[in-house]
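Since every read-out is calculated from the coordinates, none of them should be taken as a lab result. For clarity, every value in this text was computed on a predicted model and none was experimentally measured. We place every Cβ from the backbone using ideal geometry, glycine too, and count neighbours over all the protein chains shown.
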Amino acid sequence: MRSILPSVGAVALCLVAGSAFANSTGISGRSGKEGVSCATCHTAGAAAPTVTLEGPAALTAGQTGNYALIITGGPGVKAGFNVATGGVDGATLTAGAGSKLVNGELTHSLPKAFVNGAPVRFDFTLVAPATNGTLKVFGAGNSVNGDNEKTGDAHANATLDVVITGGKDPVTPGEEDEGGCSATSGAPLVMGAVLALLAARRRRAG
Ligand code: HEC
């Protein structure tokens, strides 16, 4: 019976991590990595902006790279964003000015104003994981009309591949975690450990 508890905990954690608390003070889970983006709430109708991800397309394991998500055009009063990584586990994102880390992803702290029509830029750094492979950076940028509503805004997505070399090779190539919530895949391990512990205890008792 006891072995069920860790998996229940893992699932609860997964639900919390995946939930989108959505408003102008930032959002996670909408970078495009999970297939959904800002348009699930922000209705179309406005001209879409151009969104690009800038930064090195190759890093060595553990190296820090400077990146930016840049939003040009669209309604163009203010802007927000969401950036996540995938493909290779273990990359570390650090938020730059005007943004923050939420559930391991980056998002705006507050809508950032376009100044004189110039593109809005959200800078961040990325520390490459210890494992070789192609790290995917997923980005969504929302260009908004600044009315504090989800209407009259438009977004676009961008992705950037970063090739990681000089680290260790992946242990099980092809067996990637596509689920986006590593907590669930940890559950069998936890249950295995609990069973092993119980078995050891039983051996000692007997
Ligand atoms: C689940 C619904 C939902 C999703 C998804 C969502 N938003 Fe929002 N967003 C809202 C709501 C509701 C508001 C208006 C209320 C507020 O300002 O908090 C809003 C407002 C905003 C504003 C201010 C709008 C303005 O005109 O002043 C920005 C900027 C913003 N969101 C960015 C984003 C970005 C970037 C994404 C995608 C990465 C996103 N939002 C995805 C619900 C959502």
³J(HN,Hα), Karplus 6.51/-1.76/1.60, whole Hz, each residue of the range 84-98, x for Gly, Pro
9, 10, x, x, 10, 6, x, 6, 10, 9, 10, 6, x, 4, x
Amide H to amide H, which residues 5 or more places from ASN132 or on other chains are under 5 Å from it, using H placed in the peptide plane?
GLY167, LYS168, ASP169
Show the residues, 5+ positions off or on another chain, whose built amide H is closer than 5 Å to the amide H of ASN142.
GLY80, PHE81
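Per 0.36 nm of contour for each residue apart, how much would the distance between ASP89 and VAL127 grow if the chain were fully extended, relative to their Cα-Cα spacing?
Additional length available on full extension: 12.5 nm.
If you average 1/r across every pair of different Cα atoms in the range 19-168 and take the reciprocal, what Kirkwood value do you get, in Å?
When all Cα pairs of the range 19-168 are included, the Kirkwood radius is 15.2 Å.
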Per residue of the range 29-42, in order, report the coupling 6.51 cos²θ - 1.76 cosθ + 1.60 (Karplus, θ = phi - 60°) as ³J(HN,Hα) in whole Hz, putting x for Gly and Pro.
x, 10, 6, x, 4, 8, x, 10, 9, 5, 6, 4, 10, 7
Check which residues have an amide H placed less than 5 Å from GLY87's amide H, if you skip close sequence neighbours.
LYS136
Summing +1 per Lys or Arg and -1 per Asp or Glu among the other residues with Cβ less than 11 Å from GLU105's Cβ gives +2
Two-site FRET efficiency, LEU110 against THR165, from Cβ-Cβ distance with R₀ of 25 Å, rounded to 0.05:
0.10
Using only Cα atoms, locate the centre of the range 112-155 and the centre of the range 64-85, then give the distance between them in Å, rounded to an integer.
2 Å
If the cut-off is 26 Å between C-alpha atoms, which lysines fall inside it for LYS150, apart from same-chain ones fewer than 8 positions away?
LYS33, LYS78, LYS100, LYS112
